[in-house]
Amino acid sequence: MHVFYTPDISVNPELPEEEAGHCLRVLRLGIGDEITLTDGTGNFYKAVISAATGKRCQVKVIETIPQEPFWNGHIHLAMAPTKMMDRVEWFAEKATEIGFDELSFLNCRFSERKVIKTERVEKIVVSAIKQSLKARKPIVNEMIDFNKFMDREFKGGKFIAHCYEGEKTLLKDAIIPGEDALVLIGPEGDFSKEEVELAIQKGFKPISLGKSRLRTETAALVAVHTINLLNAID
C-alpha cells in the first residue's frame, strides 16, 4: 500500500510537492493508479491519480476511511533533546510507530542542546505514520524553556522522571488508564534539583522507569511505550 501525507486534502485534491515527487518519479505511478492518502488527523482516503504533470499530482478521492484511535487519552512526551540529533530522530520515529500524540522539547539547565530545528523531526514523524499505517500525526512543538513550560496548563496526569533520591512511583503504577498523560524526561545530566522541585510544586508526580540507568531517548521511549500499552484499545 502506497500512503501519502496530504494534510490539506479536504480542500485541495493535490499531493504536496515532495509527496508528488515520490509518487511520480520514485514509484513511477501515473494517471489511473490507486493510492492511499492520510490527512494526519484521523482519516485515510482511497484515491486515484487524475492528473500528473511535472511536479504536480492531482487526485480524485473515492472513499474516506476514518481510523478509530488505537489508544485512549492524549499521550504527551516532553524531553530535553540530546546533543546528537540522530538520537532525537530515532526516538521520534520509534515513538510514532508505537503511538503517541504530542512531542515537546525542553530547554533545561543541563541541556546539551539549546536549539533544535523541528522541520527534520516533522519529516521523520510523517514518514513513521505512513510506515506504521497510522492516520494521526503527533504534534511536534518548538523548544521551550523549562520554566515557561511549567506555566502552561495541562489536564490529566503529570509526571517527571529524574534520578535524585526520594519517593517515586513506577510509571506503570502511576498511570490511570484512559487519562491524558504528560511525562517529562530530562537531559543526560538530569533535571536540576530546582527544576524537579518546581515541577512537583506544579503538580507533577515523581516517577521511575525501572532500576536501569537509561539514556534520554531510551527513557522517553520507555515512557511512551508504557503509557501506550496501558491505554491500548483492544
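Between the helical axis of 216-231 and the longest alpha-carbon principal axis of the chain there is an angle of about 80 degrees. Among DSSP bridges having both ends in the chain, what percentage is antiparallel? Round to the nearest 5. Among the beta bridges of the chain, antiparallel pairing accounts for roughly 40 percent.
Distances between placed amide hydrogens fall under 5 Å for Ile160 paired with Leu184, Lys205, Ile207, all partners being 5 or more residues away or on another chain. The range 16-42 and the range 136-168 have Cα centres spaced 36 Å apart. Counting neighbouring beta carbons within 10 Å and listing from fewest to most, the residues Met79, Met84 come out as Met84, Met79. This structure gives log10 I(q)/I(0) by the Debye sum over Cα atoms at q = 0.12, 0.13, 0.15, 0.18 Å⁻¹, computed directly, and of [x] -0.62, -0.73, -0.99, -1.43; [y] -0.70, -0.79, -0.96, -1.23; [z] -0.79, -0.90, -1.13, -1.46 that value is listed as [y]. Couplings 3J(HN,Hα) of the range 101-107, computed from phi: 10, 7, 10, 10, 10, 9, 9 Hz, in residue order, whole Hz [Karplus 6.51 cos²θ - 1.76 cosθ + 1.60, θ = phi - 60°; x for Gly and Pro]. Counting other Cβ atoms within 10 Å as a rough exposure proxy, the listed residues His22, His76 run His22, His76 from fewest neighbours to most. Near Arg136, the amide H atoms lying under 5 Å from its own belong to Gly42; only residues 5 or more places off or on other chains count, and H is placed 1.01 Å from N. Taking Cα atoms only, the orientation of helix 118-131 departs from the longest principal axis of the chain by about 60 degrees. For the chain, the Cβ-based charge dipole about the Cα centre amounts to some 420 debye (Lys, Arg positive; Asp, Glu negative; other atoms uncharged).
Relative contact order of the range 3-66: what whole-number percent is it, with Cα pairs under 8 angstrom and at least 6 residues apart? About 34 percent, as a whole number.
Every number in this text was worked out from the coordinates using simple rules, so none of it is lab data. Values in this document were obtained by computation on a predicted structure and should not be read as measured data. So basically every Cβ, Gly included, is an ideal-geometry build from the backbone, and we count neighbours across all protein chains shown.
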